[in-house]
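Below is one structure; the comments refer to it alone.
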Amino acid sequence: MNDQENLKQLEEALQFGFDLQKGITDSTKDGHVTVTDAWNFWPAVRSAAPAINDLGNPIKRYRELSPEGKDQLKAFAKEKFDIADDKLEQLIEDTFDYVDTVINIGVTLGKRWIAEFQPDAPAEG
């Protein structure tokens with residue numbers, strides 16, 4: 001996969017991670033989460049599909065980027081946050097790890113629900 005394809009996919013994954021984290025931060029500001037906080041997650045809902053489709057391993061994709069590609073991704077993140085360069089790369093990797101974990105938890109839970117309530121459904125790898 002070339003740098004531009006990786007870069008586009010990684011920007012979408014970062015955007016989802018940023019949107020999800022903002023939803024959590026905004027929803028917990030007052031110390032409790034209520035149904036009215038659901039609106040805080042709307043940006044994450046909108047950015048989830050592009051981020052998840054064909055994502056694969058975001059950490060691996062990031063590490064395969066050329067130095068120029070990494071610089072472009074850092075610039076994308078810097079548009080959202082004012083972060084020192086020395087902290088930015090680790091934050092980007094941590095965000096990809098977070099997105100990967102969220103996706104894996106969702107898939108695992110989905111499989112468990114299907115197994116419980118649709119026992120005749122074909123099992124997927």
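Could you please let me know if Gln118 is in contact (Cβ under 8 Å) with a residue 12 or more places away in the chain and of a type in the set (S, T, N, Q)?
Values: in contact (Cβ under 8 Å) with a residue 12 or more places away in the chain: no; of a type in the set (S, T, N, Q): yes.
No: the conditions fail for Gln118.
How many residues are acidic (Asp, Glu) and either over 16 Å from Asn6 (Cα atoms) or under 12 Å from the mean Cα position of the chain (by Cα) (or both) when one looks only at the range 20-69? Full working, then the answer.
The first filter runs over the range 20-69 and keeps only residues acidic (Asp, Glu), leaving 26, 30, 37, 54, 64, 68.
Next, only the ones that are either over 16 Å from Asn6 (Cα atoms) or under 12 Å from the mean Cα position of the chain (by Cα) (or both) stay: 26, 30, 37.
So the answer is 3.
State the number of residues belonging to the range 73-95 that are over 14 Å from the mean Cα position of the chain (by Cα) and either among the acidic types (Asp, Glu) or surrounded by fewer than 17 Cβ atoms within 10 Å (Cβ to Cβ) (or both).
The total comes to 15.
Every read-out reported here was derived from the displayed coordinates using simple, explicitly stated rules and does not represent laboratory data. These figures come from a predicted structure and were not determined experimentally. When we count neighbours, we look across all protein chains shown, and the Cβ atoms used for this are built from the backbone with ideal geometry, even at glycine.
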